[in-house]
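The values are calculated or read from the model by the stated rules, or taken from the named source; none is laboratory data. Just so it is clear, the structure is predicted and the values come from calculations on it, not from any experiment. Note that each Cβ is placed from the backbone with ideal geometry, even for glycine, and that neighbours are counted across all protein chains shown.
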Amino acid sequence: MPTNLTISVTPDEDNGTTQTDLFCNVNHCGKLVTVVSNGPKTVQQVVCPEHGLLTSFPDQATFREFLRVTANKILAMKGQPLIESGTPAISGNELKPPESTN
């Protein structure tokens with residue numbers, strides 16, 4: 001299913017982590033996207049600052065599994081270690097929608 005996203009995967013073999021970044025791929029935009037949600041069990045909306053909503057996922061677990069599977073495809077092509085299921089993840093740019101902020 002097309003998502004209008006480009007994913008960048010950067011493994012850090014020194015500390016055993018992998019950084020994934022998502023960018024808008026609408027007309028090769030390339031801007032970093034933001035994940036907007038009201039919590040881990042709510043819809044996760046992936047938004048470009050220029051093009052708006054790109055795709056959404058029913059919850060955070062589904063979104064993170066999409067990232068893991070997609071990142072693993074890239075890592076496998078490069079012969080690098082894969083991200084295991086259940087690996088802890090830190091999301092750096094998740095924001096709540098403005099209407100949910102007091």
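Across segment 16-51, which residue is surrounded by the most Cβ atoms within 10 Å (Cβ to Cβ) among those that are among the aliphatic types (A, V, I, L, M) and under 23 Å from residue 80 (Cβ atoms)?
22
Can you confirm whether residue 19 is in contact with a strand residue (DSSP E or B) (Cβ under 8 Å, 6 or more places away or on another chain), on the phi < 0 side of the Ramachandran plot and modelled with pLDDT under 95?
So residue 19 fits the description; yes.
Could you look through segment 58-96, keep only residues that are within 17 Å of residue 23 (Cβ to Cβ) and modelled with pLDDT of 90 or more, and pick out the one that is surrounded by the fewest Cβ atoms within 10 Å (Cβ to Cβ)?
73
Taking the stated definitions as given, is residue 15 more than 16 Å from the chain's Cα centre (by Cα) and either of a type outside the set (D, E, K, R) or over 17 Å from residue 70 (Cα atoms) (or both)?
The answer is yes for residue 15.
What number of residues in segment 10-36 are touching a Leu at 6+ places or on another chain (Cβ under 8 Å) and closer than 17 Å to residue 53 by Cβ?
Qualifying residue count for the region: 10.
Just the residues that are of a type in the set (A, V, I, L, M, F, W, C), assigned to a loop (DSSP other than H, G, I, E, B) and more than 17 Å from residue 90 (Cβ to Cβ), please, taken from segment 17-76.
Selection gives 29, 43.
Take residue 54 and tell me if it is of a type in the set (A, V, I, L, M), at pLDDT 95 or above, surrounded by 11 or more Cβ atoms within 10 Å (Cβ to Cβ) and under 17 Å from residue 3 (Cα atoms).
yes
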